[in-house]
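Chemist: Submitted below is the structure of interest, expressed as structure tokens.
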Amino acid sequence: MQILDRAQPLAPLILRLALGAVLFAHGYAKVFGGLAAHTHFVAEIGLPAWMGYVSAATEFLGGLLLILGLLTRLAGLAVTIEMLVAIFRVHLKHGLVGAGGYEFPLMIGAVAFALILIGPGPISVDWLLGGGGSRR
């Protein structure tokens, strides 16, 4: 249908806005109030404590970048890596669904990976700056 073809530029925008909002909210809570607890948790799962700062920044700044559509593929890569770490270091032992399951980080990681592949779309800062990928 032609209407759906015309609406295709909205798909990456919707993915970016939803993913960015969720990440930004989680990152905001870590950066402004829970950073010490988060770095302690990261150390408890066997990673260097400083990786907690990287994780919080990935969520907070990465979420903001995704909302804007700025450095979208780079932000998507950082989020994909973070979610893989979260799945394999924290959630995998709890199974796919249920308390502590990996369904949420799997979905976040899948959307972030999809954005690496499809790019930011034409409704983005990346596109305005000429880095939005091929123009169809």
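The values are calculated or read from the model by the stated rules, or taken from the named source; none is laboratory data. Given the structure is predicted, the values throughout are model-derived calculations rather than measurements. Reconstructed Cβ throughout: ideal geometry from the backbone, glycine too, with neighbour counts over all protein chains shown.
Residues are listed down the side, and each one gets a yes or a no for (1) under 16 Å from Gly27 (Cβ atoms); (2) surrounded by fewer than 19 Cβ atoms within 10 Å (Cβ to Cβ):
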position	(1), (2)
Val54	yes, yes
Gly63	yes, no
Leu66	yes, no
Gly76	yes, no
Arg89	no, yes
Val97	no, yes
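Chemist: In addition: Quick check: anything in segment 31-45 among the aliphatic types (A, V, I, L, M), free of Cβ contacts under 8 Å to residues at least 12 places away in the same chain, part of a helix (DSSP H, G or I) and touching a helix residue (DSSP H, G or I) at 6+ places or on another chain (Cβ under 8 Å)? Walk me through it before giving the result.
Modeler: To start, the set of residues in segment 31-45 that are among the aliphatic types (A, V, I, L, M) comprises 31, 35-37, 42-43, 45.
From the residues that got through so far, the ones that are free of Cβ contacts under 8 Å to residues at least 12 places away in the same chain too are 36-37, 43.
Subset that is part of a helix (DSSP H, G or I): 36-37, 43.
Narrowing further to those that are touching a helix residue (DSSP H, G or I) at 6+ places or on another chain (Cβ under 8 Å): 43.
Checked against the condition, which is being among the aliphatic types (A, V, I, L, M), free of Cβ contacts under 8 Å to residues at least 12 places away in the same chain, part of a helix (DSSP H, G or I) and touching a helix residue (DSSP H, G or I) at 6+ places or on another chain (Cβ under 8 Å), segment 31-45 yields at least one hit.
Chemist: Name the residue that is surrounded by the fewest Cβ atoms within 10 Å (Cβ to Cβ), counting only residues in segment 78-87 that are within 29 Å of Asp126 (Cα to Cα) and β-branched (Val, Ile, Thr). Full working, then the answer.
Modeler: As a first pass, look at segment 78-87 and keep what is within 29 Å of Asp126 (Cα to Cα): 78-86.
With β-branched (Val, Ile, Thr) added as a condition, the list becomes 79-81, 85.
Values: Val79: 27, Thr80: 19, Ile81: 14, Val85: 17.
The qualifying residue surrounded by the fewest Cβ atoms within 10 Å (Cβ to Cβ) is Ile81.
Chemist: Could you check segment 64-113 and list, in sequence order, the residues that are farther than 17 Å from Leu47 by Cβ and of a type in the set (Lys, Arg)?
Modeler: Answer for segment 64-113, where residues must be farther than 17 Å from Leu47 by Cβ and of a type in the set (Lys, Arg): just Arg73.
Chemist: Do we have any residue at all in segment 12-28 that's touching a helix residue (DSSP H, G or I) at 6+ places or on another chain (Cβ under 9 Å), over 19 Å from Pro105 (Cα atoms) and surrounded by fewer than 16 Cβ atoms within 10 Å (Cβ to Cβ)?
Modeler: No: zero hits.
Chemist: Which residues, counting only those in segment 54-100, are polar (S, T, N, Q) and either under 19 Å from Ala37 (Cβ atoms) or at pLDDT below 95 (or both)?
Modeler: Quick first cut of segment 54-100, residues polar (S, T, N, Q) only: 55, 58, 72, 80.
Those that are polar (S, T, N, Q) and either under 19 Å from Ala37 (Cβ atoms) or at pLDDT below 95 (or both): Ser55, Thr58.
Chemist: Kindly indicate whether any position in segment 101-109 is closer than 27 Å to Asp5 by Cα, modelled with pLDDT of 95 or more, among the small types (Gly, Ala, Ser) and in a helix (DSSP H, G or I).
Modeler: Looking through segment 101-109, at least one residue is closer than 27 Å to Asp5 by Cα, modelled with pLDDT of 95 or more, among the small types (Gly, Ala, Ser) and in a helix (DSSP H, G or I).
Chemist: Which of the residues that make up segment 81-96 are within 25 Å of Gly20 (Cβ to Cβ) and either in contact (Cβ under 8 Å) with a residue 60 or more places away in the chain or not in a helix (DSSP H, G or I) (or both)?
Modeler: Of all residues in segment 81-96, those within 25 Å of Gly20 (Cβ to Cβ) come to 81-91, 96.
Leu96 - this is the single residue of segment 81-96 that is within 25 Å of Gly20 (Cβ to Cβ) and either in contact (Cβ under 8 Å) with a residue 60 or more places away in the chain or not in a helix (DSSP H, G or I) (or both).
Chemist: Which of the numbered conditions does Tyr102 fail, given that it passes all the others? Conditions: (1) touching a residue at least 24 places away in the same chain (Cβ under 8 Å); (2) crowded, with 19+ Cβ neighbours inside 10 Å.
Modeler: Every condition holds for Tyr102 apart from (1).
Chemist: Yes or no: segment 41-58 includes at least one residue that is under 27 Å from Gly119 (Cα atoms) and within 10 Å of the chain's Cα centre (by Cα).
Modeler: Among the residues of segment 41-58, at least one is under 27 Å from Gly119 (Cα atoms) and within 10 Å of the chain's Cα centre (by Cα), which makes the answer yes.
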